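Novice: Below: one structure in structure tokens.
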Amino acid sequence: MISLKRLEELTSLKHDAFIVSAYLRADPRLACDRHQPLTQFKGLVRRFDQFCPDRARRDALERERPRIERHLQGLGPSSRGVVIFACEPAGLWEPINLDVLTPSHLAVETRPVTSFLMRIIEQYPRLAVMVVQKDQGVIYTTELRRGGERARVESEVQGRHDQGGRSQSRFQRHIDYQVRVHLKDVIDALARLQTENPFGRLAIGGTPDTVAEALRLLPDSISKRVIGTFPIDFKHASEDEILEQACRINQEYERKTEQELVDRLDEAKHPGGRGVVGLDQTLKRLAEHRIDHLIVAEQVELKGTVCEKCGHLDTRPFDHCPACGAAGREADNIVDLAMERALLDGARIESLEGTPRDWLREHGGIGAILRY
Ligand SMILES: [Zn+2]
């Protein structure tokens, strides 16, 4: 992923020789089609060359194109979105892999287009993993829902041991007290992390008694973020196995929330309700800025028409835009444009997999929960 700090640095960049910003949607389940983001990029370049009247921008894109294509060719199948910022004269080359559905978008401007990325990162529920033992605690954060990338160690807390001869029972009580003091230290570290680099979800692993004690000690602001706990056999489990378990819990949680979202949509999709399904209704509500959650079935692609002037999106082809009268252009996948628009509107984007995705596909592949 990318840190907020780096993203802020990128946002402040400016170069007169133009910076290429490419956002590409990828689908890890289409692993057989390794060049999927590459195919998309080529399509975006063709369209840019066709529609951009500015020669200097087209030249700038041509300057960066070979390097971007080489990068996309060598890409593994693990990401769902790829973002690249490139400007050779500025020494800028920033490829970012995302595990979040990204609308495909290509821009050649004097500044990098970071707005979508900013929204995506804001919306992304970061996972923190707290691993507790009686005498040590480790906190990880991971940007990925599926694993595959190393998690970052945010904090390691060693227990405070104190020596001295004591009777067995007093020693036992002392250990319990020490364990609690130690767990408090780990939780303090977690609370600091939450202030500095907030996470939306927390998974806790450890021996059952330590996990139970940690749960008791968590402040409310953090305990409401707990999505699950898991037992760890510290003698045998490797760090990778521990993190894999946490990722599995995260995936289960995701499937559950996706199902809940679909149930909510199903209940609200009646006329006058706060939910719509199908492209036609969704685009209408998007134009009214009423969308709170845009919900997209993964892999769905829908054709539509976009107004070159005001950006009006429609399911039907038009020669004269119903909003401004300008000419329309056919869009191969209007879902990308709808996602862009929704992101800029401050809506959340949710992509569905599995059974929820099948349900949404039967209802037009796209839908929305409305603000009002
Ligand atoms: Zn228009």
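Novice: Evaluate segment 295-310: report whether one residue or more is basic (Lys, Arg), within 16 Å of the ligand (Cβ to nearest atom) and at pLDDT 95 or above.
Specialist: Narrowing segment 295-310 to residues basic (Lys, Arg): 303, 309.
Next, from what is left, pick out any that are within 16 Å of the ligand (Cβ to nearest atom): 309.
Still in the running and at pLDDT 95 or above: none.
No, every residue in segment 295-310 fails to be basic (Lys, Arg), within 16 Å of the ligand (Cβ to nearest atom) and at pLDDT 95 or above.
Novice: Restricting to segment 317-331, name every residue that is in contact with a helix residue (DSSP H, G or I) (Cβ under 9 Å, 6 or more places away or on another chain) and more than 9 Å from the ligand (Cβ to nearest atom).
Specialist: Hits for segment 317-331 are 329, 331.
Novice: Which members of segment 89-110 meet the condition of being of a type in the set (Asp, Glu) and touching a Phe, Trp or Tyr at 6+ places or on another chain (Cβ under 8 Å)?
Specialist: The answer is 94, 109.
Novice: From 337, 343, 283, which residue is surrounded by 19 or more Cβ atoms within 10 Å (Cβ to Cβ) and modelled with pLDDT of 95 or more?
Specialist: Of the residues listed, the single one that is surrounded by 19 or more Cβ atoms within 10 Å (Cβ to Cβ) and modelled with pLDDT of 95 or more is 283.
Novice: Considering only residues that are over 15 Å from residue 41 (Cβ atoms) and either out of contact with any Phe, Trp or Tyr (no Cβ under 9 Å at 6 or more places or on another chain) or of a type in the set (D, E, K, R) (or both), look in segment 64-88 and name the one that is surrounded by the fewest Cβ atoms within 10 Å (Cβ to Cβ).
Specialist: Out of the qualifying residues, it is 76.
Novice: Got a sec? Which strands (runs of 3 or more DSSP E) wholly within segment 189-278 have at least 2 residues that are in the same structural domain as residue 156 (by TED's automatic domain parsing) and loosely packed, with under 12 Cβ neighbours inside 10 Å?
Specialist: Filter on segment 189-278 gives an empty set.
Novice: When only residues in segment 106-123 that are out of contact with any helix residue (DSSP H, G or I) (no Cβ under 6 Å at 6 or more places or on another chain) and either at pLDDT 85 or above or in a strand (DSSP E or B) (or both) count, which is farthest from residue 335 (Cα to Cα)?
Specialist: Residues of segment 106-123 that are out of contact with any helix residue (DSSP H, G or I) (no Cβ under 6 Å at 6 or more places or on another chain), as a first pass: 107, 109-111, 113, 115, 117-118, 120-123.
Subsequent filtering for residues that are either at pLDDT 85 or above or in a strand (DSSP E or B) (or both) retains 107, 109-111, 113, 115, 117.
Working: 107: 18, 109: 23, 110: 27, 111: 25, 113: 19, 115: 18, 117: 17 Å.
Of everything passing the filter in segment 106-123, 110 is farthest from residue 335 (Cα to Cα).
Novice: Output the residues belonging to segment 313-334 that are surrounded by fewer than 18 Cβ atoms within 10 Å (Cβ to Cβ) and touching a residue at least 60 places away in the same chain (Cβ under 8 Å).
Specialist: Selection gives 329, 332.
The values are calculated or read from the model by the stated rules, or taken from the named source; none is laboratory data. Remember, predicted model here, so these are calculated numbers, not experimental data. Positions of Cβ are generated from backbone atoms using ideal geometry, with glycine treated the same way; all protein chains shown enter the neighbour counts.
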